[in-house]
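Data first, discussion second: the structure below is written as structure tokens.
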Amino acid sequence: QVSCIEVVEAYVERIKEVNPLINAVVKDRFEEALQEAQQVDKLLSEGPGDDYLEEKFPLLGVPITVKEAFSLHGMPNTSGLVNRRNVIATSDATVVSRLKQAGAIPLGVTNCSELCMWYESSNRVYGRTNNPYDLQRIVGGSSGGEGGVLAAACSVIGVGSDIGGSIRMPAFFNGVFGHKPTTGVVPNDGQFPNAHGVRTSFLCTGPMCRYAEDLEPVLRVMAGPGVSKLKLNEKVSLEKIKFHCMDHDGGSVFVSPVDKEILQAQKKVVEHIESDLGVRVQHVSIHKMKYSFQIWSAMMSSKDSDGQEADRFTDLLGDHGKPVWPLWELMKWLVGMSSHTFPAIALGLTENLMKLNDSGNAKLVSMGKSLQEEMEALLGQDGVLLYPSHPTIAPKHHSPICMPFNFAYTAIFNVLGLPVTQCPLGLGSEGLPLGIQLVAAAYNDHLTLAVARYLEKAFGGWVLPGKV
């Protein structure tokens, strides 16, 4: 009905309109995108046939954005690190290449937290990204620019990555859909920092979208040949799913209590599923979830089966520059002289503390393995768990410093290797997005994606900011 050039121009204009407010797109490639759109229109006019095009280019002419931590040819690839500000990608990350080959048109790259290890997307290279629903609120991290750009209707598809909730937190705070696939299916190559050692089984690359139906076709393209491990061709009968629900983590001392509005939204989901599908949602209490933050931390810093240690965050901070001493950086930060953000410095300072308690860490790793077995047994091949995406709605800027461990609600599923879809549930009383995590056993991504599509119809999905 419309030409590709019209679609791309509309998105370019939208970015120009809202990006000065939200600062989500940190470098654009509008000229190249418009040229690529012209090529798409030329291909369509030559008419090789719709069926052929749909099979060969399933995302033909679809505008996308990419988290700046991923290589996108000709675009910066700093991950918010000042020392890397002159690094320009000379190739595409594997998932970016696959999306381009499927016909997608990248519009630019989006902001993230420094080295992708914090849940506010702010750094000393690009500054801070603001939430489209309230500019005084965070977009989350580390794929925060993607969350903001999608919520503001500046892109159709976002490329995100997630080692502690970096797809799902921004998707939640910005009222969009985000999917963390089963571990090891979508390649992580071509992002900085990439995971090494044991963390390779925790880091996941996945899609972020405004509409639930877009997650699956994008996931298919991202996974490439690996898609055969997922059961995306299996038809899902929602009435046969065994639904489980957990309202909170059991009351961890490190994490905020879950907001009443988030609990109410989850209760409405349970009531709707029970009345509409005629099934019973089983309320469960999994004791070990109370230790989510400690389990995630211990497993993140453990050695892999070959005895290889994960990269030290402090070493990553020194990329393309001199070694970084976190205490010295803190002194510099206090007088406004550091080129690093406070959360990055704080993580550098606490990193060494984690190594001091070897026996405690070993117990926590063992608890994590046992929790994984418990979850797999509970969910089986037909179960979906409903769980809060975060204990609070999008916090105000800087306030995550006061509640640094709240990401535990998403992080625990990275170390358990389970597929999770964050699903928006409309807006709360302050006009900020609500949402829920849908969790399944490994390789059962098709179940969470099907439930996300179902809940989108029931609760309305994404809401345009400023519409209320």
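The values are calculated or read from the model by the stated rules, or taken from the named source; none is laboratory data. Since this is a predicted model, take the numbers as computed values, not measurements. Heads up, the Cβs are rebuilt from the backbone with ideal geometry, glycines too, and the neighbour counts pull from every protein chain shown. The area values use the complete protein model at the heavy-atom level, side chains included, leaving out ligands, DNA and RNA. Shrake-Rupley method; radii C 1.70, N 1.55, O 1.52, S 1.80 Å.
Odds and ends about this structure:
- Leading residue by the ranking (least open to solvent (accessible area, probe 1.4 Å)) among those in segment 246-262 that are part of a helix (DSSP H, G or I) and in contact (Cβ under 8 Å) with a residue 60 or more places away in the chain: Ile262
- Checklist (1) assigned to a loop (DSSP other than H, G, I, E, B); (2) buried (at least 22 other Cβ atoms within 10 Å of the Cβ) applied to Val66, failing item: (1)
- Within segment 202-216, residues that are assigned to a helix (DSSP H, G or I) have Cβ atoms under 9 Å from residues that are among the hydroxyl-bearing types (Ser, Thr, Tyr) and crowded, with 24+ Cβ neighbours inside 10 Å in these pairs: Ala212/Thr421; Leu215/Thr421, counting only partners at least 6 apart in sequence or on another chain.
- If the condition is being under 24 Å from Pro404 (Cα atoms), modelled with pLDDT of 95 or more and among the hydrophobic types (A, V, I, L, M, F, W, C), then segment 225-254 contributes only Met246.
- Here Val96 fits the description: closer than 20 Å to Ala33 by Cβ, among the aliphatic types (A, V, I, L, M), over 13 Å from the mean Cα position of the chain (by Cα) and buried (at least 24 other Cβ atoms within 10 Å of the Cβ).
- Subset tally (residues that are within 25 Å of Thr129 (Cβ to Cβ) and crowded, with 24+ Cβ neighbours inside 10 Å) for segment 407-428: 13
- Within segment 24-40, the residues that satisfy the criterion of being outside any strand (DSSP E or B), open to solvent by less than 20 Å² (accessible area, probe 1.4 Å) and over 15 Å from Phe57 (Cβ atoms) are Ala24, Arg29, Ala33.
- Any chance Gly197 is open to solvent by less than 30 Å² (accessible area, probe 1.4 Å) and free of Cβ contacts under 8 Å to residues at least 40 places away in the same chain: no
- Residue tally, condition closer than 15 Å to Met169 by Cβ and part of a strand (DSSP E or B), over segment 123-138: 3
- Counted residues, segment 1-23 - those being surrounded by 18 or more Cβ atoms within 10 Å (Cβ to Cβ) and either touching a Cys at 6+ places or on another chain (Cβ under 6 Å) or modelled with pLDDT under 95 (or both): 1
- Note on segment 365-404: residues that are over 21 Å from Ser252 (Cβ atoms) and among the aliphatic types (A, V, I, L, M) amount to 3.
- Checked against the criterion of being more than 19 Å from Arg220 (Cβ to Cβ) and either of a type in the set (Asp, Glu) or over 19 Å from the mean Cα position of the chain (by Cα) (or both), the candidates Gly103, Gly127, Gly144 yield just one match: Gly127.
- Here Leu43 qualifies as open to solvent by 40 Å² or more (accessible area, probe 1.4 Å), assigned to a helix (DSSP H, G or I) and hydrophobic (A, V, I, L, M, F, W, C).
- Selection from segment 443-462 of residues that are in contact with a Gly (Cβ under 6 Å, 6 or more places away or on another chain) and surrounded by fewer than 20 Cβ atoms within 10 Å (Cβ to Cβ): Phe459, Gly460
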